[in-house]
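Every number here is computed from the coordinates shown, using simple stated rules; none is lab data. Keep in mind that what you see is a predicted model, and the values were worked out from it rather than measured. So basically every Cβ, Gly included, is an ideal-geometry build from the backbone, and we count neighbours across all protein chains shown.
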Amino acid sequence: MLVERSMHPDWLSNAYVLAIEDGPALFVDSGADIAPLVEAVDRWRATPVAILRTHAHHDHVVNEDELARRYSVPVVAEAGEWDWDGLRVRGLATPGHSDDGLSFVVGDDLVATGDTLFRDAVGGGDVEVVRRSVMDVLLSLPDEMRVLPGHTDDTTIGRERESNPFVRVWSGAEPEGTERVRVGGRDATLVVWSPDYDGKGKAWLRYDDGSEATVGGSRVERG
């Protein structure tokens, strides 16, 4: 599978084109400069057949209309299965970060996870819904499967199973944290701290009223 990535310099959001040389090509999201993707399509002599949208947040769809017009291709934004001249795709519902969250398994090689699963982190949102999307859906995929996340560096399912701090706690490999912190003036327990794509960290919090949240690390007052 041929893969070309473009990343927005400020949002750090990824857009991809995946293709078979001299065959079909798929765009995944469109929140970064599309010029490198267009150049790759031409270089591979590929024919775009669709745009796969992982979710509708602005930093993932800003160039979607331009791509759709340029190639006269549909936008796929639902779960299902497709086969474009041997390029097989499964769209999996992975809500939590957003209600419309999707991940797309392309062939047997890779999965585009949008803002649900990152290298060493997961997407912010309803903690329990994100947990189900990661543990029940994405972690059911083979360990060798390459993960193309919605922001920054790629990874594999196996690496995240072994090393992702959220996954390790959810799986029981590591205990929940007990550090006391404050967020926006509220007292909470820091259940998980992980790196995040922006370098500021990601925190899973349990507030003293029992509610939970996943927030950017810059919001957490530690120590």
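Every residue, every condition in (1) under 23 Å from HIS8 (Cα atoms); (2) touching a strand residue (DSSP E or B) at 6+ places or on another chain (Cβ under 8 Å), yes or no:
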| site | (1), (2) |
| --- | --- |
| VAL49 | no, yes |
| HIS55 | yes, yes |
| HIS58 | yes, no |
| VAL61 | yes, no |
| ALA68 | yes, yes |
| SER72 | no, no |
| ALA77 | yes, yes |
| ASP85 | no, yes |
| ARG90 | no, yes |
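Counting only residues that are closer than 20 Å to ASP115 by Cα and of a type in the set (Phe, Trp, Tyr), which one in segment 169-212 is nearest to the chain's Cα centre (by Cα)? Per the stated criteria, the residue is TYR197. For segment 79-95, a tally of residues being more than 20 Å from the chain's Cα centre (by Cα), buried (at least 16 other Cβ atoms within 10 Å of the Cβ) and outside any strand (DSSP E or B) returns 0.
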